[in-house]
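Read the structure below first, then the notes.
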Amino acid sequence: LPFSIYNASGHLLVNKGMVIESDEERQQLLSRGCFIDRVEFAIQERAFAEKLGGMLRRNATIKELAEIQPDLDVISSSLTSLAPTDPVSAWEVLESQAAQVLRSDFSEGWLQRFHQLLLAFQAMSERDPDACLFLSIQSFRDPVHRYALVHTLQVALICDLLARQGLDWSGDVRRSLMAAALTMNISIMGLQNKMALQSHPPTPEQRAALQQHPHQSMLMLRSYGVDDELCLQAVALHHKTSAGALQDRSWPEKLARVIQRADVFAARMSPRAGRRSLSATAAAQAIYTDEQKNPDEAGAAILKAVGLYPPGSFVRLKNGEVAVVIKRGKMANEPVVVSVVSRDGMPLGAPVLRDTRNHMYVTSGGVPAHEVKVLINPLQILKMRSLC
């Protein structure tokens with residue numbers, strides 16, 4: 001197989017490179033519903049076309065052309081070297097790379113692939129954080145979203161922005177924090193996807209798995225070569241946090257607390273079958289105070305880093321329009337927005353850039369994503385940033 005195969009829910013069925021031994025195995029796989037990642041397909045298609053073109057230029061025979069085989073290594077190498085010019089393609093490549101790494105079978109070379117993912121993610125977070133936030137939040141509007149993967153990327157992104165812009169932590173600590181955020185749920189990603197689609201409360205078995213997963217994730221990472229103790233301990237502790245200042249904690253406890261608050265913030269904005277998403281402002285309220293109803297240092301740092309209205313979230317303007325945030329503003333309540341719904345509740349013929357510093361377009365509050373029925377073109381919307 002030149003591709004990893006997934007079912008309709010995004011669960012990995014067969015890894016890239018596996019061999020289908022018989023027609024019976026092939027039929028069994030087909031009966032479960034087979035899907036491939038579109039980014040993987042585009043990369044493989046391009047590589048095949050380049051190989052075919054090279055053979056035609058050297059006048060290869062028909063027999064040689066018929067025997068061209070897919071290059072099983074081209075996808076992994078292309079995912080790390082490919083640098084798309086637009087943020088949407090770049091995010092799709094990153095998401096595909098993360099899917100391969102975080103849902104892999106921890107085969108030989110996993111640790112190297114994980115380090116490549118970590119470097120690629122941090123580079124994109126530094127290069128275009130607003131686009132990353134926009135695309136991670138908008139990803140949850142897809143009805144067939146892959147909850148566990150998108151949620152993990154969103155939490156890791158928030159943690160990286162918080163460490164860099166909210167708390168000014170060192171590069172080494174930032175790497176450990178993002179590594180921990182990416183892998184904290186690695187032992188239950190399949191369960192997360194299942195629970196996101198179920199409308200009933202967790203079963204006793206699911207609750208037990210959720211309770212045990214921080215320790216299980218840490219053990220999995222250690223067994224496959226992760227030796228970053230700060231990352232490992234943060235993973236093990238990320239559900240054992242409590243109220244209090246960050247300065248009074250050890251470094252593993254600091255990272256665990258930050259992850260926990262970012263986890264809560266992202267989860268509040270993410271829809272599930274049994275729960276609708278909250279607006280960004282409602283999600284912010286959940287982390288602004290701690291378990292004892294006092295101001296929460298980690299929560300405040302998150303809001304400082306991502307803004308009260310993070311890119312990708314929806315807001316209502318004073319004139320009644322609904323707009324999507326495309327860029328954080330200099331002031332928390334003055335994001336750069338694009339109106340997509342009129343004051344009458346109808347989709348606008350074309351998105352319109354609005355200046356929230358203008359009294360007519362002041363933000364009056366957040367809007368939950370499920371209330372916005374308009375489908376938007378992410379690339380078209382993000383390109384409008386050049387106009388402001």
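For segment 328-356, name all the residues that are out of contact with any helix residue (DSSP H, G or I) (no Cβ under 9 Å at 6 or more places or on another chain) and within 20 Å of V306 (Cβ to Cβ). Residues satisfying the conditions are G329, K330, M331, N333, E334, P335, T356.
Okay, residues lined up against (1) in contact with a Gly (Cβ under 7 Å, 6 or more places away or on another chain); (2) outside any helix (DSSP H, G or I); (3) modelled with pLDDT of 65 or more:
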site: P2; (1), (2), (3): no, yes, yes
site: N59; (1), (2), (3): no, yes, yes
site: L65; (1), (2), (3): no, no, yes
site: P84; (1), (2), (3): no, yes, no
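Once segment 192-208 is narrowed to residues that are within 21 Å of R261 (Cα to Cα) and aliphatic (A, V, I, L, M), the residue that is most open to solvent (accessible area, probe 1.4 Å) is M195. Of all residue pairs spaced 6 or more apart or on separate chains, those with beta-carbon atoms under 9 Å, a first member in segment 189-203 that is under 12 Å from G274 (Cα atoms) and polar (S, T, N, Q) and a second member that is assigned to a loop (DSSP other than H, G, I, E, B) and at pLDDT below 85 are Q198/A273; Q198/G274; S199/A273; S199/G274.
Of the residues making up segment 170-183, those that are open to solvent by less than 40 Å² (accessible area, probe 1.4 Å), out of contact with any Phe, Trp or Tyr (no Cβ under 9 Å at 6 or more places or on another chain) and modelled with pLDDT of 90 or more number 3. When the residues of segment 209-254 are narrowed to those that are of a type in the set (D, E, K, R) and either open to solvent by 40 Å² or more (accessible area, probe 1.4 Å) or not in a loop (DSSP other than H, G, I, E, B) (or both), which ends up farthest from A301 (Cα to Cα)? Ranking the candidates gives R222 first.
Among residues of segment 14-33 that are part of a helix (DSSP H, G or I), those with a beta-carbon under 8 Å from a residue that is of a type in the set (A, V, I, L, M) at least six positions away or on a different chain give the pairs R26/I20; L29/I5; L29/L13; L29/V14; L29/I20.
Modelled with pLDDT of 90 or more, under 24 Å from P271 (Cα atoms) and of a type in the set (S, T, Y): is that true of T363 in this structure? Answer is yes for this residue. When restricted to residues that are without any contact (Cβ under 8 Å) to a residue 12 or more places away in the chain and open to solvent by less than 60 Å² (accessible area, probe 1.4 Å), segment 359-378 contains 0.
The values are calculated or read from the model by the stated rules, or taken from the named source; none is laboratory data. All values reported here derive from a predicted model rather than from experimental measurement. Reconstructed Cβ throughout: ideal geometry from the backbone, glycine too, with neighbour counts over all protein chains shown. Please note that ligands, DNA and RNA were not included when accessible areas were found on the heavy atoms of the full protein model with its side chains. Shrake-Rupley method; radii C 1.70, N 1.55, O 1.52, S 1.80 Å.
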